[in-house]
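Notes to accompany the following structure.
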């Protein structure tokens, strides 16, 4: 039996997220972030008097090549403020990937806040939306039976997969041609831009009318996101932020930590560490005879547990026994993991496969065709 972590007196000096692969949201503030609080502005952000927040917002806007940036409490709030700011008068609909956060994980907020219906689309390539997917499902019609598409919401990364800039350009050009707004949920756009030779944040943002980016995921900050866009859009979003109870008084306490995350994690290149960990996790799983269900482009690894004959119950139980926090088939790596954490996760894989093989799950479910299929998939890695 493993302990969950080595003895320590302070979670600021060794992150409690080290052995946690459930999500990159579990990243925790660093000592540098704690130290930054001593110089944070205590001005009231509702009155736009938080100099710390104002300065960082200016930096973020410049980094993304947009006119204005606004600090908000969460990624969900950021997405919903942008959607509401882009929409005017119902009826209307929002087209997105069927896995998009606005569709699966925002508690129906688009319907409640914007009175909009969502058109979820399954990408034909299994990875990300293409212009052909959009054209097939977009509603450009005066037919009174339908809610016309007024926003296309893209997400990058989507399930850890990078949505290529060239494809985003094609979709956005089509949207502009038809008077459709584009919002980019860039909660993990930092991760997409952490890959060598990738486009810049500004190159992605240039194509969309609005972008939201999280600082509370891979950057290690405790709270918050930024939205970027035109002055008109952000002014409307600011009004809606207040309406939803998102006006923050001493926001500088949060944005001081966000600035450290920007400088010491993203700009310092530390997100590349999480990509390396993800590749190591993939390799460890392949050594156990497993396959992944999506390409490992960034920090997400999607394990085909069922294909390897490992039940979710066994997987979660072994993780608990060995001291690794797991969230099912998705493994999310982050810069606060470690080589030791990846090694321990490989121990989980080996033990889970051993237990599964012992009870015969890997041989009872499939015939020769299934075995051949799994062998083919393994050979591709």
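Laboratory data are not the source of any read-out in this text; all were calculated from the coordinates shown. None of these values were measured; they are calculated from a predicted model. So basically every Cβ, Gly included, is an ideal-geometry build from the backbone, and we count neighbours across all protein chains shown.
List of remarks:
- When only Cα pairs below 8 angstrom with a gap of at least 6 residues are kept, the stretch 40-266 shows a relative contact order of 31 percent.
- Whole-number percent relative contact order across the stretch 192-334, with pairs defined as alpha carbons under 8 Å at least 6 apart: 18
- Beta bridges by DSSP in the chain, antiparallel share as percent, to the nearest 5: 45
- Centre-to-centre, using Cα atoms only, the stretch 47-97 and the stretch 131-177 are separated by 20 Å.
- Cα gyration tensor category, rounded, prolate or oblate, for the stretch 1-105 with a/c compared to 1.5: oblate
- Rounded to 10°, Cα long-axis angle of helix 312-322 versus longest principal axis of the chain: 80
- Within the set [x] 20.0, 62; [y] 22.0, 69; [z] 21.0, 70, the number that Rg and Dmax of the Cα atoms in Å takes when calculated for this structure is listed as [y].
- Helical contribution to [θ] at 222 nm, DSSP H n ≥ 4, -39,500 (n - 2.57), averaged over the chain, rounded to 500: -12500 deg cm²/dmol
- Protection-proxy order for peptides 271-280, 208-217, 86-95, each taking the mean of Cβ atoms within 10 Å per residue, highest first: 208-217, 271-280, 86-95
- Among 142, 304, 185: highest mean-square fluctuation, GNM of the chain, C-alpha pairs under 10 Å: 142
- Length-normalised contact order for the stretch 111-184 - Cα pairs under 8 Å, 6+ apart - percent: 30
- Helix 368-379 axis versus longest C-alpha principal axis of the chain: approximately 70°, rounded to the nearest ten.
- Acute angle (nearest 10 degrees) that the helix 252-261 long axis makes with the longest principal axis of the chain, alpha-carbon atoms: 50
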